Amino acid sequence: MQPQIVLLKEGTDTSQGKPQLVSNINACQSIVDAVRTTLGPRGMDKLIVDAHGKATISNDGATIMKLLDIVHPAAKTLVDIAKSQDAEVGDGTTSVVLLAGEFLKQVKPFVEDGVHPRIVIKAIRKALQLCMDKINEMAVHIEKQSKTEQRALLEKCAATAMSSKLIHQQKDFFAKMVVDAVLSLDELLPLNMIGIKKVTGGSLEESQLVSGVAFKKTFSYAGFEMAPKGYENCKIALLNIELELKAERDNAEIRVDNVKEYQKVVDAEWQILYNKLAKIHESGANVVLSKLPIGDVATQYFADRNIFCAGRVPEEDLKRTMKACGGAVMTTANDISPNVLGLCERFAERQVGGERFNLFQGCPNAKTSTLILRGGAEQFLEETERSLHDAIMIVRRTIKHDSVVAGGGAIEMELSKVLRDYSRTIAGKEQLLIAAIAKGLEIIPRQLCDNAGFDATNILNKLRQKHAQGGKWYGVDITKEDIADNYEQCVWEPSIIKINALSAAAEAACMILSVDETIRSPKAGEAPMAGAPMGRGMGRPM
Ligand code: ADP
Ligand code: MG
C-alpha cells in the first residue's frame, strides 16, 4: 500500500516560481501607483474614507499606506518600509515606496527573461553600496559653531520638508516655529515634550508657540468663575484623586433606623472630602490639577481660598506638566507636602479662539513647548499636525546628524550617474542590472516633474547633461519648469533621509525578489477550497 503523505492542509493555496515573483512585483506596482501622485511640492493629496466613515486628507506616504487596507502579503512589505521610514526619520515616506517600486519595475524584465533572482539581488546590494558611499562623500557638513548658521540650516530643512504639504504657503512661518520648539528642548530632544494642540477657527498664521505647557480648560463646576486666573511663581499640586462627593448608591447597603444616624453617614462622607481638601490647602499649593473629576464642593472650596483647580486633565498633559514643573502625581491626599509640588514662574488662563487655555510658563525642570494650531476644518488641522510632525522629526534628525544634500531629485540624479558610470566598467549581466537600477533612481525627479505637469523627458535630459558636466547639485526647479542648482536654491534635506530611504527601498526590493512561493493555509474554521460545498446551480453534483 502507498503511504499517504500530507504536507499541507487541504485547501492550501500555493503558487511558485517565476509567475509568483512577477505577480508579487505587479502587486507592489499597484501600491506604488496609489501614492505616486503625492510626491513633491506639487503633489496631490489623498482623501481616504475608512470603514467608519472617517475622512482623512493626507499627503504623507506613511499615513496613506497605513489607511489603505492592503491584503496582498508581498505588497504589505511596502507598507512596512513606509512605516519604518516614518519612525526612523519621519520624512521621505513617499520616496521610499516609490524607489522600492521602481527598482522592482526596472528589474522585472530580467526576472521574466529568466535571470536568477539571486543575481538581481546581488546587483541591487552592490548598487546600494555604491550609493551609500557616494552620499557620504557628497553630503555637506555644516559646522556647528555658529548658532545663527545652525538655525538657518534647520529652518531650510524644515521648510523643504513642509514644501510638499498642504501648508506649504506658510512654510516659512511654521519652519521658524518648529525650529524654536525643537531648540527649546534639552539635548536628548524628546519628542513627547513638544505638545501639539488644535483649535478650529482662525487662520493658520494665528498658530502660536507657547514655551511651556498648555492645555484646554477642562470641564468645571460653578464656583470656577471666582477662582483667580493668573499667578506668578505658583505651586502646582498634581493629583490622581477624585475630589467629589461619592454617591455610593449601587454598591453599598446601609440600614439606619432614624434620621440622625443617616445624618452621621452623610457627615462622614463630607468630612472625608473636607479632610482631603484641607490637606491640599495646607500644602500651600495654589494650582490644583487632577486627572480625576473635581466636584462642585471642591471647586467652591478652592475658589474661596484663592486656589485655581482643574479636574479631568488628560493624562499626557498631566505628565508633561510633571516633567516640566517637577513634583509628583499624588494618589492620596495624606502625604501632600510642599516638596511634592511642581513649580512654575507664570500660570495664566488665556482665550485662544473659542477655547480657553491653561498656560504654564517658565517651568524650571524640563524644557518643553506647546504648539497651538489654528485653522479651518478639522481634517485640515490634522494634516497640519502630521506635516509639523514631519518637520519636527527632520529638525531633530538634522541636529543630531548635521549633514545635508540637495533635494528635488538632485541627489538621485547624481547617484544615477555614478551607477551608470560604474556599470560601464564591468561586464556581464551585472552591467545591465546596475544600469537598470540607475534608471530606477530617476523616478524621483521624473515624478516630481510629472506631478507638477512638466515635460519630464525634457527636464531629465537637461539634468543628465548637467550632471555629466559636473553640476552635481542640479535638480528640478519646481517654480520655473526648469533645472536649477538646488543647493544654491536651499532645497536641502538631511542626508540621513536619503540614506535611510535608499537602503530601506533596496532591502524591500531584495526581499520581494527572494520570495518565490507563497503558501497560504486556509484560516481556521474556513472551509477548504477544494471539495467545499458549493450549493446548487454550479453544475456540480450534490
Ligand atoms: P516624502 O513623503 O517622500 O517626503 P514629499 O511629498 O514630502 O514626499 O516630497 C519630497 C520630495 O520633494 C523630495 O524629493 C524633495 O527633494 C522634493 N522637494 C521638496 N521641496 C522641493 C522644492 N522646493 N523644489 C523641488 N523639489 C522639492
Ligand atoms: Mg516630505
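Bear in mind these aren't lab numbers, they're just calculated from the coordinates by the rules spelled out. Only a predicted model underlies this, so the values are computations on that prediction, with no experimental measurement involved. Don't worry about glycine lacking a Cβ; one is built from the backbone with ideal geometry, like all the others, and counts go over all protein chains shown.
General remarks:
- Exposure proxy order (Cβ contacts within 10 Å, fewest to most) of 110, 103, 173: 173, 110, 103
- Normalised by residue count, the stretch 370-513 yields a Cα convex hull volume of 165 Å³ per residue.
- Summed residue charge, Cβ within 14 Å of residue 125's Cβ, Lys/Arg positive, Asp/Glu negative: 0
- For the stretch 318-414, the Kirkwood hydrodynamic radius from C-alpha pairs, put into Stokes-Einstein at 37 °C and a viscosity of 0.692 mPa s, yields a diffusion coefficient of 188 µm² per second.
- Derived scalar couplings ³J(HN,Hα) [the stretch 313-326; Karplus, 6.51 cos²θ - 1.76 cosθ + 1.60; whole Hz; x for Gly, Pro]: 6, x, 3, 5, 5, 5, 5, 5, 4, 5, 5, 6, 9, x
- Low-density loop positions, GluC sites (Glu not before Pro), the stretch 262-359 - DSSP coil, at most 16 other Cβ in 10 Å: none
- For the stretch 481-514 and the stretch 171-214, distance of Cα centres in Å: 27
- The stretch 266-289 and the stretch 321-355 have Cα centres lying 17 Å from one another.
- Ordered by the count of other Cβ atoms within 10 Å of each Cβ, fewest first, 262, 231 give 262, 231.
- Look at 283, 207 and count the other Cβ atoms within 10 Å of each Cβ; fewest to most, that gives 283, 207.
- Against the compact-protein benchmark of 2.2 N^0.38 Å, the Cα-based radius of gyration of the stretch 459-522 scales to 1.73.
- Compactness relative to 2.2 N^0.38 Å, alpha carbon Rg of the stretch 21-87: 1.12
- Annotation: average projected area of the stretch 31-186 is 12.5 square nanometres, based on the convex hull of Cα atoms across all directions.
- Against the empirical curve 2.2 N^0.38 Å, the C-alpha radius of gyration of the stretch 122-238 lands at a ratio of 1.61.
- Computed about the Cα centre, the dipole magnitude for the chain is approximately 920 debye when only Lys and Arg (+1) and Asp and Glu (-1) carry charge, each at its Cβ.
- For the stretch 188-198, 3J(HN,Hα) computed residue by residue from phi via the Karplus equation (6.51, -1.76, 1.60; θ = phi - 60°) reads 6, 6, x, 5, 6, 8, 9, x, 10, 10, 10 Hz, glycine and proline entered as x.
- Its DSSP H runs of at least 4 residues, each contributing -39,500 (n - 2.57), put the calculated 222 nm mean residue ellipticity of the chain at -15000 deg cm²/dmol, to the nearest 500.
- Given charges at Cβ of Lys, Arg, Asp, Glu: the chain dipole, positive-most of 202, 85, 237: 85
- Computed from phi, the 3J(HN,Hα) profile of the stretch 433-448 under the Karplus parametrisation 6.51, -1.76, 1.60 (θ = phi - 60°) reads 5, 5, 4, 5, 5, 4, 5, x, 4, 5, 4, 5, x, 4, 5, 4 Hz, with x in place of Gly and Pro.
- Relative frequency of Cα-Cα separations exceeding 20 Å in the stretch 271-337, percent: 23
- Percentage, to the nearest whole number, of Cα pairs in the stretch 59-131 over 15 Å apart: 61
- 5 angstrom amide H check on residue 198, placed H, neighbours 5+ away: 373
- Relative to its residue count, the chain spans a Cα convex hull of 268 Å³ per residue.
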